[in-house]
Amino acid sequence: MATQSQTLNPNEQSLAIRPANPADVEVCGKICFEAFGRIAAEHNFPQDFPSPEMPIRVLSMMFSHPGFFCVVAEQNGRVIGSNCMDERTPIAGIGPITIDPAAQNRTAGRQLMQAVMARAAERKFAGMRLVQAAYHNRSLSLYAKLGFAVREPLACMKGPAIQKTPPSYRVRPAAAEDLAACGDLCLQVHGHDRGGELADAIRHGTAVVAESEGRVRAYASSMAFFGHAVGETNQDLQALIAAATEFQGPGILVPTRNAELFGWCLDNGLRVVQPMTLMTIGLYNEPVGAYLPSILF
C-alpha cells in the first residue's frame, strides 16, 4: 500500500499512514494497552489487557501474518497508532484500532479506518465487520459516520468453567478433517465461512467441535475473546461453552438478543464484564442458528 499523507490544520503536523512492520510491534502494543486502558478507566470498566505484553503478542502475530493487513499512523516520524484487518475469510474483520491517548480526536483514527476500508474495497470483500466497546461513544459515532450499521448488542461474559458436558455430546479438539463440516455449518448460520481463521486455530490447537448424533453440531475457533463459535442450535453451542476449561482473555461475546443463550450463561455462573456492539458494512445475513462472535466479528 502506498503511503498516504494529509496536511491537517496549521496547528497540526502532517499525518502519514503506512504499512505496519515487525519493528512497529512494541510501540503499537504499548499504545494499544494504554489506549484501551484509558477509555476503560474513564468509564469504570476493567481493562481488556492486563499488561502491555498481551497486545504486543497479539500485534506481533497480526503484523507478521500474511492473512492480516495492518497499518500504522505516523506524525512527525513518530508512530501514534495502528489498525489491522483480518483477510482470512470472505468477510473482513477490523481491529484492534488504537491511537496514542495524547494524539486522539485529531483524525488519525478516521484515516486508519479509511486505509483498511480502501483495502477491503480493492480486494472486493463481501463486507467488513467490527466489534466496539458500547460505552465508547466516540468510536461508535466514528464507525457510524463511516457507514457501519449496528447489527447486534453483545455482552462480554466471563466466569468459572462450567465443565459439565451434556451426556448426548462429545466435545473434542478440532482436526483438519473437520474443516469442511465446520465450513458448511458456518455457511448455514451466517451465509459465509471462516475457514482460513479456523484452519489457523486448528494448527494452534485451540479449536474444538461438539458432536452429537454422529455429526459436528457446533465448533469454536477458541472459547476466548479472539475466538468465534457457531452451532446449529443454542443447545449445541451450550455444549461447547459447558465443556470449556476456561474462558480466555476478557471473556466470550454473547449476543444478548439471544435471550435463551444469554440467560443460560447467567444461570451457569457467567457474568457480564462489559457491553459491546457488532457493526457491519456490506453483506450481512441475519444468523440462522446460534453463534458467538470474536472481538474482530
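Just a few scattered comments:
- When peptides 41-49, 25-33 are ranked by their average number of other Cβ atoms within 10 Å per residue, the highest-first order is 25-33, 41-49.
- Compactness relative to 2.2 N^0.38 Å, alpha carbon Rg of the stretch 4-125: 1.04
- Net length gained if the chain between LEU142 and LYS124 were fully extended (0.36 nm per residue, minus Cα distance): 4.2 nm
- Packing rank of 156-168, 195-207, where each peptide gets the mean count of other beta carbons within 10 Å, highest leading: 195-207, 156-168
- Each Lys or Arg adds one and each Asp or Glu takes one away; over the other residues whose Cβ falls under 9 Å from the Cβ of HIS228, this sums to 0.
- Among ASN137, ASN21, ASN234, residue whose mean-square fluctuation peaks in a GNM of the chain (springs only between Cα atoms under 10 Å): ASN137
- Cβ-isolated cysteines (cut-off 4.7 Å), the chain: CYS28, CYS32, CYS156, CYS182, CYS186, CYS265
- Inter-probe distance in nm under a simple model that places probes 7 Å from Cα toward Cβ, at LYS164 and GLU42: 4.2 nm
- Per residue convex hull volume, Cα atoms of the stretch 157-292, in Å³: 103 Å³
- Ranked ARG170, ARG78, criterion: other C-beta atoms within 10 Å, fewest first: ARG78, ARG170
- A simple spin-label model places the labels of ARG78 and GLU286 5.0 nm from each other, with each point 7 Å out along Cα-to-Cβ.
- The antiparallel fraction among DSSP beta bridges confined to the chain stands at about 95%.
- Over 32 Å [Cα-Cα, the chain], rounded percent: 24 percent
- Here the sum of -39500 (n - 2.57) over DSSP H runs of 4 or more residues, divided by the residues of the chain, equals -10000 deg cm²/dmol at 222 nm, to the nearest 500.
- Dipole axis of the chain (+1 Lys, Arg; -1 Asp, Glu on Cβ), positive-most option in LEU240, LEU270, ALA120: ALA120
- Residues THR98, THR245 in ascending order of nearby Cβ atoms (within 10 Å, fewest first): THR245, THR98.
- Once both labels are positioned 7 Å from their Cα atoms along Cα-to-Cβ, the gap between GLN104 and LEU266 label points is 3.0 nm.
- Each principal axis of the Cα atoms in the stretch 46-188 has its own extent, and those three values, largest first, are 60, 37, 30 angstrom.
Read-outs throughout are calculated quantities, based only on the coordinates presented, and are distinct from any laboratory measurement. Please read all numbers here as calculations on a predicted model, not as lab measurements. All Cβ positions, even for glycine, are placed from backbone atoms using ideal geometry, and neighbour counts span all protein chains on display.
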